[in-house]
Amino acid sequence: MARAPVLQLSDISLTFGGDPVFDALDLVVQPGDRVALVGRNGSGKSTLMKVMAGLVEPDRGTRVVSPGISAGYMEQDPDMAGFATLGDFAAHALDPGEAYKVEMVAEGLKFDPATAVTAASGGERRRAALAKLMAEAPELMLLDEPTNHLDIEAIAWLERHLADTRASFVLISHDRAFLRALTRATLWIDRGQVRRQEQGFERFEAWRDKTWEEEDLARHKMDRKIKAEARWAVEGISARRKRNMGRVRALQDLRAERAAMIRRQGTAALALDSGQKSGKRVIDARGISKSFDDRRILAPFDLRVLRGDRVAFVGPNGVGKTTLLKMLTGEVALDTGTVTHGTNLELAVFDQNRAQLDPNLSLWDSLTTAPGMAVSGQADQVMVRGVARHVVGYLKDFLFDDAQVRAPVRSLSGGEKARLLLARLMAQPSNLLVLDEPTNDLDIETLDLLQDLLSDYDGTVLVVSHDRDFLDRVATITIAMEGDGKATTYAGGWSDYRDQRGEEFKKPVAEAPKTLKKTLKSAPKPAEAEGLSFTEKHRLEALPAIIERLEAEIAKLEEFLMDPELFTKEPVKFKKATEALVERQENLSAAEEEWLELEEKAS
């Protein structure tokens, strides 16, 4: 028997003061769907997700959520007014006995629920919003850029959690590796049209390119037909006293149809000028170290960076990647050691916090007041790699339209701020690029272009990023910072680093539950189990953490149910907690049985 859809949108139309964002949109999310929602920056991905969540009311159409189904939306900029701590915000919709769920999720996402809202960074606030959604565990999760501000370990934790969930979810993300690992279907927004393919993100780019090729062919055929019909209309009049007015009207219809075609948004015109060539030796660091109070950031460390190297810095948030980057460029003082810079260095910096952008300035002023960009006596021109360019024309290279030129920076989306910062950075010749989280908020097409640009760049690149696919495509050297001041150099990108770490990297992320400890000690590692498929190996590796989580939830529920007055005072909560306890006990039994079966098969 077919199950009812989790969510259905029918004939949705929405306009924001101009061309429609969506028109006559139909969309269905089925039980168990794992959907990637993709499209260019500004195409309406977040708007569509808010319509799905019921937070934006369309001009026309209906939204239907099946009875008994709850939908949860991860807010990009959550309103935390009235809450003292991040934990209070994340747990406010939960029953008192379920607050432990927030603590469990917070551990995986690496933030402290006790952090005061007033002291929390933007990244911590977003992680709290994600924790709120995951702790509430709705049947439909709507996740808008959930990996932003997460380090690679937290991304891996989230990836495992979503892989194990039974809920349906829709993901917006620029992280290719994350989308490839989790999605089974793709929704593609392109010029107000939403297309669906029953394949995950892995197949998206081939599908997109084929669709565009077919569109270009159809446009070419129409242009040829219009040209032929127009020639007939002009030349045929000398051979006939009376025109075929039906054919003339058909020509007019063809022209109207051609004019109504919406041109695809181009890619940003990114370009880098490596300027004068630097010396062969760019940075030579010997015995450098750093501590703040009693916390050691970096133990004595050596690094030599040569011209043309692409050096990636990876590790958990807060471990000191940006500090090491600033030590190498001379922005942060060393406790010990020396850093020697090569000759002819021209530095350009991309700041992850966008601190170089004044939110109150317009885009125009952001360019004309930037150091080294103003053209003497020309208020409407900027200097771009040694050539004077009109401000508006240069901004159009980065996909900004005329209406945005005088708008304040604070009105821009995250992706638009990243493009504006790239516009400033790429206007200046440089031979040493320092990129701190450059991939956040960029759409996939712009990310592709940036990767290609860095691959062809004649200079040297230092980059901090948690985007595994980006690191694989760009990095030639990886510096892994693992806490307690330890930093290790590996050849290649993220996958090369992971392979060189070997079994040490593949160790379980959580200690196995007590009921299975003895068996686990003597069992072969999942990656070594020759009798298992790839999926079974992954499942065997993930099960101990799942079992431990279930045991912790059972213990919390049993403690909650020990209150002798709970049944009389709160019968509804007692009933919910009892049902939850039974469900988790069944899930635990099934998980332990599955683990034993896989372990036996692996042996």
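Would you call Val311 buried (at least 20 other Cβ atoms within 10 Å of the Cβ), under 30 Å from Tyr490 (Cβ atoms) and touching a Ser or Thr at 6+ places or on another chain (Cβ under 8 Å)? So that I can check it myself, show each step before the final result.
Working: buried (at least 20 other Cβ atoms within 10 Å of the Cβ): yes; under 30 Å from Tyr490 (Cβ atoms): yes; touching a Ser or Thr at 6+ places or on another chain (Cβ under 8 Å): yes.
Taking the combined requirement at face value, the residue satisfies it.
Residue by residue, here is whether (1) among the hydrophobic types (A, V, I, L, M, F, W, C); (2) touching a strand residue (DSSP E or B) at 6+ places or on another chain (Cβ under 9 Å); (3) assigned by TED's automatic domain parsing to the domain that holds Ala312 holds:
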{"position": "Asp401", "(1), (2), (3)": "no, no, yes"}
{"position": "Leu412", "(1), (2), (3)": "yes, no, yes"}
{"position": "Ile444", "(1), (2), (3)": "yes, yes, yes"}
{"position": "Gln451", "(1), (2), (3)": "no, no, yes"}
{"position": "Tyr457", "(1), (2), (3)": "no, yes, yes"}
{"position": "Phe470", "(1), (2), (3)": "yes, yes, yes"}
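Quickly run through the stretch 142-153 and pick out the residues that are surrounded by fewer than 24 Cβ atoms within 10 Å (Cβ to Cβ) and not polar (S, T, N, Q).
If the condition is that a residue be surrounded by fewer than 24 Cβ atoms within 10 Å (Cβ to Cβ) and not polar (S, T, N, Q), then Leu143, Asp144, Glu145, His149, Asp151, Ile152, Glu153 are the ones that fit.
From the list Leu86, Leu7, Leu37, Leu48, which one is over 16 Å from Val194 (Cβ atoms), of a type in the set (A, V, I, L, M, F, W, C) and modelled with pLDDT of 90 or more? Spell out how you get there, then give the answer.
Numbers: Leu7 fails: over 16 Å from Val194 (Cβ atoms); Leu37 fails: over 16 Å from Val194 (Cβ atoms); Leu48 fails: over 16 Å from Val194 (Cβ atoms).
Just a single option satisfies the conditions, and that option is Leu86.
Do you know which of the residues in the stretch 181-204 that are part of a helix (DSSP H, G or I) and touching a residue at least 60 places away in the same chain (Cβ under 8 Å) is farthest from Asp33 (Cα to Cα)?
Filtering the stretch 181-204 for residues that are part of a helix (DSSP H, G or I) and touching a residue at least 60 places away in the same chain (Cβ under 8 Å), the one farthest from Asp33 (Cα to Cα) comes out as Phe204.
Scan the stretch 71-89 and tell me whether some residue there is touching a residue at least 60 places away in the same chain (Cβ under 8 Å), surrounded by 20 or more Cβ atoms within 10 Å (Cβ to Cβ), part of a helix (DSSP H, G or I) and over 17 Å from the mean Cα position of the chain (by Cα).
No: zero hits.
Name the residue that is surrounded by the most Cβ atoms within 10 Å (Cβ to Cβ), counting only residues in the stretch 272-288 that are in contact with a Lys or Arg (Cβ under 8 Å, 6 or more places away or on another chain) and in a strand (DSSP E or B).
Kept after step one, since they are in contact with a Lys or Arg (Cβ under 8 Å, 6 or more places away or on another chain), are these residues of the stretch 272-288: 273, 277-285.
Those still in the list that are in a strand (DSSP E or B) too: 281-285.
Working: Arg281: 14, Val282: 25, Ile283: 21, Asp284: 16, Ala285: 18.
Of everything passing the filter in the stretch 272-288, Val282 is surrounded by the most Cβ atoms within 10 Å (Cβ to Cβ).
Please go through the stretch 581-603 and give me each residue that is surrounded by 12 or more Cβ atoms within 10 Å (Cβ to Cβ) and touching a residue at least 60 places away in the same chain (Cβ under 8 Å), ordered by number.
Across the stretch 581-603, the qualifying residues are Glu592, Trp595, Leu596, Leu598, Glu599, Lys601, Ala602.
Any residue in the stretch 450-461 that's free of Cβ contacts under 8 Å to residues at least 60 places away in the same chain: show its pairings with residues that are of a type outside the set (A, V, I, L, M, F, W, C) at Cβ separation under 6 Å, as long as the two are six or more apart or on different chains.
Gln451/Arg473
The values are calculated or read from the model by the stated rules, or taken from the named source; none is laboratory data. Just so you know, these numbers come straight off a predicted model, no measurement behind them. For neighbour counting, all protein chains shown are included, and Cβ atoms are generated from backbone atoms with ideal geometry for every residue, glycine included.
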